[in-house]
Amino acid sequence: MNLVIVESPTKAKTIQRFLNADFVVKSSFGHVRDLPKGKLGVDVEHDFEPKYVIPLITRKRIAELKKAVPKAAKVILASDEDREGEAIAWHLTQAFKLDPKKTERIVFHEITKPAIENALKHPRQIDMNLVNAQQARRVLDRLVGYELSPFLWRKIAKGLSAGRVQSVT
């Protein structure tokens, strides 16, 4: 059995219809790890290293996926081909400690049987440039927002948040 992991449960159902019984398609429901809530989560003294956690809301889903991983001959990561999707694929490899020899990354630009079959014929490695771009954006959002948001709560209104984009205004 080959395990295909996509971001969306709707996408998983559709793709499962295109593939034969050798494939099981499951959804990660998006990101599986994030910076911790209520803490900076970035080690500013050690190259701004992010400290990821598995949020409570995703733990049940992670546990379900973790059960399927050992049964798979191959794990195929099929999240979107953007920096978020690439980061999701990378986070899955980290969360499940996936064996690179049994892990593939595929991408497709339409959810059709030919597109999925073509993607399966042409797997690639995770693009660490995209992963690093997403991590840099996330770390920068946290560094700026973690300091600026409490200021906004005191001066303007409780519950406002600021990140790298909002901070300019």
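Key figures
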{"item": "Single match in Gly30, Gly38 (criterion: open to solvent by less than 20 Å² (accessible area, probe 1.4 Å), outside any strand (DSSP E or B) and at pLDDT below 95)", "result": "Gly30"}
{"item": "Residues within region 82-123 that are in contact (Cβ under 8 Å) with a residue 60 or more places away in the chain and open to solvent by 60 Å² or more (accessible area, probe 1.4 Å), tallied", "result": "4"}
{"item": "Residue that is farthest from Thr58 (Cα to Cα), among those in region 15-25 that are assigned to a helix (DSSP H, G or I) and open to solvent by 20 Å² or more (accessible area, probe 1.4 Å)", "result": "Phe18"}
{"item": "Candidates Ala68, Ala72, Ala12, Ala78, filtered to the one that is surrounded by 14 or more Cβ atoms within 10 Å (Cβ to Cβ) and free of Cβ contacts under 8 Å to residues at least 24 places away in the same chain", "result": "Ala12"}
{"item": "Residue count for region 47-58, restricted to those that are part of a helix (DSSP H, G or I) and surrounded by 11 or more Cβ atoms within 10 Å (Cβ to Cβ)", "result": "1"}
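The values are calculated or read from the model by the stated rules, or taken from the named source; none is laboratory data. Only a predicted model underlies this, so the values are computations on that prediction, with no experimental measurement involved. Every residue, glycine among them, receives a Cβ derived from its backbone with ideal geometry; neighbour counts consider all protein chains shown. Accessible surface is based on the protein model in full, side chains and every heavy atom, while ligands, DNA and RNA are left aside. Shrake-Rupley method; radii C 1.70, N 1.55, O 1.52, S 1.80 Å.
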